[in-house]
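Quick note: the coordinates plus some simple rules give every number you see, no bench work behind them. Source: prediction; values computed, not measured. For neighbour counting, all protein chains shown are included, and Cβ atoms are generated from backbone atoms with ideal geometry for every residue, glycine included.
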Amino acid sequence: GFSGNASLTTYKNEVTKIAETVTYFDAGGSRIGGFNRNMVGHPMSAFFGYQTIGLFQSAADVDASPDQDGAAPGFFKMQDTDGDGEITTEDRVFIGNPNPKFTYGLNLSFTYKNFDLTTYLYGSQGNDIFNWNNWWIDFWPSFQGQKSTDLLYNSWTPSNTGATVPKASNKSNFSTNTEICDYYIEDGSFIRMKNLQLGYTLPESVLNKVNIG
């Protein structure tokens, strides 16, 4: 036989008011600054930074784009949000939401003859995460330690222009690894098995023989 039940939780998360004279306040620290911003009309602790629109593909691409410090083929191309022809702090936007759209749980039970199997699953859907690991493993200047296979084998080169990982370079600047941007934002949705239990019920005849009842 089979039986089960499910639970679902959702909530609306929005900053509705902060101290007078305060437009916003930031939180979340890293070697390249804070990455959370709390501002009226947005979710609490939303991720805030530059929106990338790909990687520069050539010197001509750099020349045709808004002025950006450190711009070079293979480096991040940032979005000119305010359209002033220059990439500045005013171009930063909200780039992710750490709050899930909903969380859920599933209790499932299966029985077959004397066997029973029960499990509990828990999941979260629609939450973003800030994967700070990428700063350490996807950029050469971020300390000379272990690096990702993406950087070593799949990063941008003139013959691999479809890459999403910037080119391997010792340069550390605005267009590489010194700014908070959506490169670190990933889908944090997950489903996890919290419990799995297999049981077997001894037949009554066996229990009687050993005086268990």
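Within the set (i) 1.22; (ii) 1.00; (iii) 1.51, the number that Cα Rg over 2.2 N^0.38 Å takes when calculated for this structure is listed as (iii).
Dividing the summed -39500 (n - 2.57) terms of all DSSP H runs of n ≥ 4 by the residue count of the chain sets its mean residue ellipticity at 222 nm at -2500 deg cm²/dmol.
Note on Tyr112 and Val210: the model spin-label points, each 7 Å out from Cα along the C-beta direction, lie 2.4 nm apart. For the chain, the residue among Ala46, Val206, Met193 whose Cα projects farthest onto the positive side of the dipole built from Cβ charges is Val206. Only aspartates and glutamates eight or more places from Lys12 in sequence, or on another chain, were considered; those with a Cα closer than 17 Å are Asp128.
Note on the range 77-173: Lys pairs 8 or more places apart or on different chains, Cα atoms under 25 Å apart, count 5.
Applied to the range 133-145, the Karplus parametrisation 6.51 cos²θ - 1.76 cosθ + 1.60 on θ = phi - 60° returns per-residue 3J(HN,Hα) values of 4, 4, 4, 7, 10, 9, 9, 4, x, 7, 6, 8, x Hz, with x for Gly and Pro. Enter the Cα centre distance for the pair the range 142-169 and the range 14-78, rounded to the nearest angstrom. Cα centroid of the range 142-169 versus Cα centroid of the range 14-78: 22 Å apart. Protection proxy ranking of 137-149, 105-117, 165-177, by the mean of other Cβ atoms within 10 Å over each peptide's residues and highest first, is 165-177, 137-149, 105-117. Charging the Cβ of each Asp and Glu at -1 and of each Lys and Arg at +1, and nothing else, the dipole of the chain about its Cα centre rounds to 1340 debye.
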